[in-house]
1. Mind ordering 406-413, 166-173, 477-484 by average Cβ neighbours within 10 Å, highest first?
2. What aspartates and glutamates sit close enough to residue 442 to cross-link, taking a C-alpha to C-alpha distance under 20 Å and skipping anything fewer than 8 places away on the same chain?
3. Please list, by residue number, every one of the chymotrypsin sites (Phe, Trp or Tyr not before Pro) in segment 286-324 that is coil in DSSP and has at most 13 other beta-carbon atoms within 10 Å.
4. Compare the Cα positions of 358, 299, 204 along the charge dipole of the chain (+1 at Cβ of Lys, Arg; -1 at Cβ of Asp, Glu; about the Cα centre) and return the one farthest towards the positive end.
5. At 1.4 Å probe size, what's the solvent-accessible area of residue 307? Round to the nearest 10 Å².
6. Report the calculated FRET efficiency for residue 216 and residue 159 (r = Cβ-Cβ distance, R0 = 41 Å), to the nearest 0.05.
7. Given the options 238, 223, 258, identify the residue whose Cα lies farthest towards the positive end of the charge dipole of segment 218-261 (+1 on Cβ of Lys, Arg; -1 on Cβ of Asp, Glu).
8. Please state, as a whole number in µm²/s, the translational diffusion coefficient that the Stokes-Einstein equation yields for segment 261-404 at 25 °C and 0.890 mPa s, with Rh defined as the Kirkwood radius across alpha carbon pairs.
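The values are calculated or read from the model by the stated rules, or taken from the named source; none is laboratory data. As the structure is a computational prediction, the values presented were derived from the model and not from experiment. Cβ: placed from backbone, ideal geometry, glycine included. Neighbour counts: every protein chain shown. Heavy atoms of the whole protein, side chains included, go into the accessibility calculation; ligands, DNA and RNA do not. Shrake-Rupley method; radii C 1.70, N 1.55, O 1.52, S 1.80 Å.
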Amino acid sequence: MGWIIFILGAIGWRIGMYGMFKKAGIEPWKALVPFYTTWEIVKICKIKPIWFWLQLIPIVGQFTTIWITIIFIMHFGKVGFLSHTVAVFLPFIYLPYIGFSKEVRWGGSDALKHYKKSVAREWADAAVFAIVAATIIRTFVFDAFVIPSESMEKTLLINDFLFVNKLSYGPRIPMTPLSIPFVSNVMPFTTATPSYLKWVELPYKRLPGFTTLKRNDVVVFNVPEGDTIIPEFGSKNLYYDVLRESPYNGDREALFEQYPIIVHPMDKTDFYIKRCTGTPGDNIQFINGVLFVNNQAAYIPPESQIDYSVPTMGKFTTVEDLNDKTGINTTAGQLPPDSGYAVVNMTPGEKDIVEKFIGKKVAIALFPHDRPYFPYTPASASWTIDNFGPVHIPKKGEVIALTPDNVAIYTRLITTYEGNTLDYQGGKYILNGQPATSYTIKYNYYWMTGDNRHNSQDSRFWGFVPETCIVGKASLIWFSWNGGPRFSRMFRSIK
């Protein structure tokens, strides 16, 4: 439903602009071309061209497009607060009204001379309104996101620019409301100065959504283990991973002596984007690189990637040679000398092409045990990225027994995610000051996995994602860049 509203808004905006361009003496077909529309508005309203280019910057671009639109309707004499509000939140109704109503005429710059405020004041007011409107839209409707890494390739590529639909699962009410708009969790040009204040912290609350989070949705969320960060590393090398590794081996004091840390509220941790591969109540397991959900082989996204062990069969000498001879476009791979095999990162479709080329089936390249994985217990000590689990995903209302065998899995869930205290005293578990043998789960939890299975930091590393961390559903690639625009990826839905 949220996706339908977005489409209706976009179509209505174009239809309205078509009529408005015609009234303004601009060739109306230009209103139907993305970005060219606002370029024409910038020219006719005598706005500095820099504002057009600012639209291409994530987050800032939302504010800029709203501001340019408001300036344009002001040249039709629509300068009031109500006009601006309706134009922003009901563009599919109000812009067609301006464009096709006989009562509204293009006034140009003269339209602003009939009001008491100066033109500069009108523009400043429009800018303030645009900031407020963009903040509301980003918080409750949709937000922009840019792909920073290869963890979702080739479903999503580095420098794909996305729209994230917050209406799908219901917009989350800000839990840390005192923050600077259009800024991440730290101030620009710094690594350790928070962009928010903790003076007001609200409990988790989500407005009703149009659907529920389903298995295989591509989701943006606050990374749950990102609440504590080493500024030097950020979310690329999470604090808890560093703490578990040598030479610290869990010694917090030794780590604090070497690195400063920042503790973020859960709604201010860095954003990650992954595919939801497990929903509340599911059982997850990886067997020889294949994901199983509830003992059934899971859906394999058509553009997902994993490393395969490919016998050369005397038909290629390098991964680049394999690309040239088969027409595939693998972005990673290696061919150890004299091994007779290449390790090649491929999609399912590319795998089929390579198998046909060499005349032999290929298998997933299994990675050896190289580090501990979630839940970091003795039982999981031998798990690898390809042979992992099983793990049960907690569900709201589920009652779990508190035992020495499972308490390590649930301690962070009980304390950090759900706000309780849990201690072990005299052979008993003490929950919120009272002896307890069980605990009732408060929230739903999810399992997130990258489509680039061997190159993704995901739930195999940091475990469950609570519903409190869910931001929205990744819905549309609106722009993509790799040394130039990737036009074939623009306005592509995300599946």
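1. Values: 406-413: 18.0, 166-173: 22.4, 477-484: 15.4.
Ranking the peptides 406-413, 166-173, 477-484 by packing returns 166-173, 406-413, 477-484.
2. 201, 225, 227, 267, 282, 398, 418, 423, 467
3. On the way: sites: 286, 292, 299, 308, 316; in loops: 299, 316.
Those that pass, being in a loop and sparsely packed, are 299.
4. Farthest towards the positive end: 204.
5. 10 Å²
6. Values: r = 24 Å, r/R0 = 0.59.
Approximately 0.95, to the nearest 0.05.
7. 223
8. On the way: Rh = 18.1 Å.
The Stokes-Einstein estimate is 136 µm²/s.
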